[in-house]
1. Given the criterion within 11 Å of chain A (Cβ to nearest Cβ), hydroxyl-bearing (Ser, Thr, Tyr) and touching a strand residue (DSSP E or B) at 6+ places or on another chain (Cβ under 8 Å), identify the matching residue among B:Thr123, B:Thr107.
2. Could you go through the range A:148-162 and let me know if any residue there is at pLDDT below 90, touching a Lys or Arg at 6+ places or on another chain (Cβ under 7 Å), closer than 30 Å to A:Leu12 by Cα and small (Gly, Ala, Ser).
3. Would you call A:Lys10 buried (at least 16 other Cβ atoms within 10 Å of the Cβ) and in a helix (DSSP H, G or I)?
4. Report yes if some residue within the range B:71-83 is surrounded by 23 or more Cβ atoms within 10 Å (Cβ to Cβ), within 12 Å of another protein chain (Cβ to nearest Cβ), under 16 Å from the mean Cα position of the chain (by Cα) and assigned to a strand (DSSP E or B); otherwise report no.
5. Need the failing condition index for A:Arg250 against (1) under 30 Å from A:Asp173 (Cβ atoms); (2) assigned to a helix (DSSP H, G or I), just the number.
6. So which residues in the range A:272-323 are of a type in the set (Asp, Glu) and away from every other protein chain (no Cβ under 12 Å), if there are any at all?
7. Do we find that A:Ser230 is surrounded by fewer than 15 Cβ atoms within 10 Å (Cβ to Cβ) and at pLDDT below 90 in this structure?
8. Condition first: away from chain B (no Cβ under 12 Å), in contact (Cβ under 8 Å) with a residue 40 or more places away in the chain and crowded, with 17+ Cβ neighbours inside 10 Å. Now tell me which residues in the range A:181-211 satisfy that.
Amino acid sequence: MQEAMINKAKQLLADGTVNRVIGWKKGEFVYDITPAIFETAEELDADFVYNEFTAANVSKYLVKESKKEGKILAFLKPCDTYSLNQLTKEHRVNRDNIYVVGIPGGPKLDAEKIKAKGITGITGIKNENYTLKIETVYGEQTMPFYEAISDKCASCKSKKHVTYDELIGEDGDVLESNRFDMVEKLENMTAQERYDFWRAELSKCIRCNACRNVCPACTCEKCVFDNPESGVENKAASNSFEENMFHIIRAFHVAGRCTDCGECSRVCPQNIPLHLLNRKFIKDINSLYGEYQAGEDTTTKAPLNAYTTDDCEASIVHERGVE
Amino acid sequence: MQVNDNKEFQPLIVAFCCNWCSYAGADLSGTNRLNYPTNVKIIRVPCSCRVNPMFILRAFQRGADGVILCGCHPGDCHYTSGNYFTRRRMTLLFSMLDFLGIERDRTRVEWVSAAEGAKFAATMNEFTEAVKKLGPNRRLEDLRCKKQ
């Protein structure tokens, strides 16, 4: 796959279709892979990687990149194309300046899950017939591939590319996913249990703002959380109110626009399941205002930008379920 | 507001009222000499859809025990459609508060027209009673904002 992508990138650079490429390169560790921009064939040969750890969604980088001179080639996984479509719909990217090559998604791995098995000092990881051969400074270890799959890929919603100029490999389909299972489980708890669950999770928050910075839907140039007048620009959430407020407002600001790409949870250094908040909004929107998948197309109105005269009243929240 | 141990708990209720209907409704209940509790503090907003979810959370932070949002009846919005957007937004916000385990009965949306002074007073009486039963807001309070 990596070979085919490098060749495609070189070809498009050579024939002048694009003048740069956004992809991924190795970071400090083998599993620590970061988005990067390549301008020459030599750079591509030297640094370009695509493997089980290239989980980062590069769509958000295109907000800035697509406003620069010349076209940029972006390799997008199916979930990333939803984000790009949503950004196109909101006029946040210049789609004409982007050449999208769709690549198959395939489950990505979560290095934290490997480390949780007590495997440390990782220097190399190979996938052989769905068994991971992990080279470490303490010798080689193995573990089943499926035990290391990231949560976001384990509940994949779609393998279909919703926008592309060209595809490498086959296009997939929208999947039946179990992504609302955990939301439902929480909904069935009592209010006290839910409160305890979220206090335990949200109190871990260090307000690094990584969830906001990585989110392809959070593209405001001036963010409410950076405004010193707002009283919430503190870098560390200093009490339970701020933790609650930051996460409620963060999720609310992307409600109806979140494509459920799962980046927020992936980058969280404290492993807070932030996607559950987004999924709760998606689930509510689906059940109250009709099925809606953000980023599926570039024309339909977002649920919070629209209304019908016979929408349910807010009291529906008070009426349903037991406390 | 002083909370004295010897006295019964008196909740602080913040009511966001839209300028065109509910604020006038509150005014009418006053001129009609209808009683509603002094716990209710009214904040006038141009339209119910002016209320950002942050306003509601902020009210709780600064010591409110209940927040009620009043606007024109659906279809009667002075700006044609503001309250329809409010309705969707607040439904989702209240549902999220509930999801986080924060008591859902501390928040409410009510449509009160300029002619419904009696409804305004009745709503406020009922809402204040409901919040009084729930007791002080603990799950969304900010201790730094409490007066000693």
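The values are calculated or read from the model by the stated rules, or taken from the named source; none is laboratory data. The shown structure was predicted, so the numbers you read here are calculated from the model rather than taken from an experiment. Reconstructed Cβ throughout: ideal geometry from the backbone, glycine too, with neighbour counts over all protein chains shown.
1. B:Thr107
2. No.
3. It is true that A:Lys10 is buried (at least 16 other Cβ atoms within 10 Å of the Cβ) and in a helix (DSSP H, G or I).
4. yes
5. With respect to (1) under 30 Å from A:Asp173 (Cβ atoms); (2) assigned to a helix (DSSP H, G or I), A:Arg250 is out only on (1).
6. Hits for the range A:272-323 are A:Glu291, A:Glu296, A:Asp297.
7. yes
8. Matches in the range A:181-211: A:Cys205, A:Ala210, A:Cys211.
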